[in-house]
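One structure below.
The values are calculated or read from the model by the stated rules, or taken from the named source; none is laboratory data. A quick note: this is a predicted structure, and the numbers were derived from the prediction, not measured. Because the Cβ atoms are built from the backbone with ideal geometry, glycine has one as well, and the counts that use them run over all protein chains shown.
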Amino acid sequence: MQVHVFGGADEAARAVAMVIASEILKKPDAVLGLATGSTPVPVYRALIEMGRQGLIDFSRVRTFNLDEYVGLSPDHPQSYRRFMNEQLFDHININKANTRVPSGVAADLRAEAAAYDRAIEAAGGIDLQLLGIGVNGHIGFNEPASAFPHATHVVDIAPSTVQANARFFDNADEVPRRAVTLGIGGIMAARRVVLLAVGRGKAPVIQKTVAGDATPDVPASILRFHPNAQLFLDREAAGLL
Ligand code: PGA
């Protein structure tokens, strides 16, 4: 796992956007694994700007998002589908039919999860997976656990994650308690993984991810065994390394 440290959060995000842009330049129909949360927003902003300037063409790009809340319809203000539309897809020349987010309202969530993995496989696998990291080490909604879950699955969201995400809702009670998420196996199968973390709040978990035990208790720590995983950090997130 390579670690790249930048002076500021904006520089780290711009560097990640450049990595994504170069992937698309190399492979115009690249399959991108995308993430939600606050951290990737500046990455998406930079990609939108590159699109406006005509530097990247998204028309053949395909995307699969990591996760979705169970129970939120695609048009719910806090759904990850809506987030992706508003933060990225509505502003670039991507074909929305080529953008996938797991459904959190499918009648059969297990079948939906299995179909999601099949769709990724049919697309040829994920070329580049973008990740954030939770303060508890989660990637996607793979929360600390006793094993590394392989396939896309339904999870109970950890209480600490509910608290962390409450800022996006009117109150913590409104945060869904379950989600559909790509498994650790799905993330590890991506040909390249880029994790972005900024701010001193992430420093302890980055320290555990890089230098602690590789354990399902810190799900991101598995990335040490990925042959092509990079951490992009600002100085604060790297503060305890
Ligand atoms: P954040 O979330 O980017 O909003 O900090 C990251 C995550 O929970 O994966």
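In the stretch 223-235, how many are under 21 Å from Glu143 (Cβ atoms), out of contact with any Leu (no Cβ under 8 Å at 6 or more places or on another chain) and buried (at least 22 other Cβ atoms within 10 Å of the Cβ)?
The qualifying residues number 0.
Does Ala17 count as touching a residue at least 24 places away in the same chain (Cβ under 8 Å) and in a helix (DSSP H, G or I)? It would help to see each step written out before you state the result.
Details: touching a residue at least 24 places away in the same chain (Cβ under 8 Å): yes; in a helix (DSSP H, G or I): yes.
Judged against the criteria, Ala17 is a match.
Taking the conditions exactly as written (buried (at least 17 other Cβ atoms within 10 Å of the Cβ), modelled with pLDDT under 95, under 25 Å from Leu231 (Cβ atoms) and hydrophobic (A, V, I, L, M, F, W, C)), does Ala145 satisfy them or not? Spell out how you get there, then give the answer.
Working: buried (at least 17 other Cβ atoms within 10 Å of the Cβ): no; modelled with pLDDT under 95: yes; under 25 Å from Leu231 (Cβ atoms): yes; hydrophobic (A, V, I, L, M, F, W, C): yes.
So Ala145 fails the test.
Only one of Gly104, Gly37 is more than 16 Å from the ligand (Cβ to nearest atom), of a type outside the set (S, T, N, Q), in a loop (DSSP other than H, G, I, E, B) and in contact (Cβ under 8 Å) with a residue 60 or more places away in the chain. Can you tell me which? Reasoning before the result, please.
Working: Gly37 fails: more than 16 Å from the ligand (Cβ to nearest atom).
Result of the check over Gly104, Gly37: Gly104.
Could you list, in sequence order, all residues of the stretch 40-54 that are within 16 Å of the ligand (Cβ to nearest atom) and charged (D, E, K, R)?
Within the stretch 40-54, Arg45 is the sole residue that qualifies.
Which condition breaks for Pro102 when tested against (1) surrounded by 23 or more Cβ atoms within 10 Å (Cβ to Cβ); (2) at positive phi?
(2)
Assess whether Arg60 counts as being under 30 Å from His226 (Cα atoms), of a type in the set (Lys, Arg), buried (at least 16 other Cβ atoms within 10 Å of the Cβ) and in contact with a helix residue (DSSP H, G or I) (Cβ under 9 Å, 6 or more places away or on another chain).
Values: under 30 Å from His226 (Cα atoms): yes; of a type in the set (Lys, Arg): yes; buried (at least 16 other Cβ atoms within 10 Å of the Cβ): no; in contact with a helix residue (DSSP H, G or I) (Cβ under 9 Å, 6 or more places away or on another chain): yes.
When the stated conditions are applied, Arg60 does not pass them.
Go through the residues of the stretch 21-33 one by one and say whether even a single one is in contact with a helix residue (DSSP H, G or I) (Cβ under 7 Å, 6 or more places away or on another chain), closer than 18 Å to Gln230 by Cα and within 16 Å of the ligand (Cβ to nearest atom).
no
So Asp90 ticks every box in (1) of a type in the set (Asp, Glu); (2) within 16 Å of the ligand (Cβ to nearest atom); (3) in a helix (DSSP H, G or I) but one. Which box is left unticked?
Of (1) of a type in the set (Asp, Glu); (2) within 16 Å of the ligand (Cβ to nearest atom); (3) in a helix (DSSP H, G or I), only one is false for Asp90: (2).
State yes or no: is Ala147 in a loop (DSSP other than H, G, I, E, B), aliphatic (A, V, I, L, M), away from the ligand (no atom under 15 Å from the Cβ) and under 16 Å from Asp67 (Cα atoms)? Break it down stepwise before answering.
Values: in a loop (DSSP other than H, G, I, E, B): yes; aliphatic (A, V, I, L, M): yes; away from the ligand (no atom under 15 Å from the Cβ): yes; under 16 Å from Asp67 (Cα atoms): no.
No, not satisfied.
May I ask you to say which residue of Ala197, Ala238 is surrounded by 22 or more Cβ atoms within 10 Å (Cβ to Cβ), over 20 Å from Asp67 (Cβ atoms) and either in contact with a helix residue (DSSP H, G or I) (Cβ under 6 Å, 6 or more places away or on another chain) or of a type in the set (Gly, Ala, Ser) (or both)?
Working: Ala197 fails: over 20 Å from Asp67 (Cβ atoms).
Only one candidate passes the filter, namely Ala238.
Checking the conditions here, which among Leu72, Leu47 is crowded, with 16+ Cβ neighbours inside 10 Å, at pLDDT 95 or above and under 16 Å from Gly104 (Cα atoms)? Show your work before the answer.
Details: Leu47 fails: under 16 Å from Gly104 (Cα atoms).
Selected residue: Leu72, the only one of Leu72, Leu47 that is crowded, with 16+ Cβ neighbours inside 10 Å, at pLDDT 95 or above and under 16 Å from Gly104 (Cα atoms).
Taking Leu109 as the residue in question, decide whether it is surrounded by fewer than 22 Cβ atoms within 10 Å (Cβ to Cβ) and in contact (Cβ under 8 Å) with a residue 12 or more places away in the chain. Even if it seems obvious, please write down each step before you answer.
Working: surrounded by fewer than 22 Cβ atoms within 10 Å (Cβ to Cβ): yes; in contact (Cβ under 8 Å) with a residue 12 or more places away in the chain: yes.
Yes, satisfied.
Every residue in the stretch 153-172 that is more than 12 Å from the ligand (Cβ to nearest atom) and surrounded by 18 or more Cβ atoms within 10 Å (Cβ to Cβ), please.
His153, Val155
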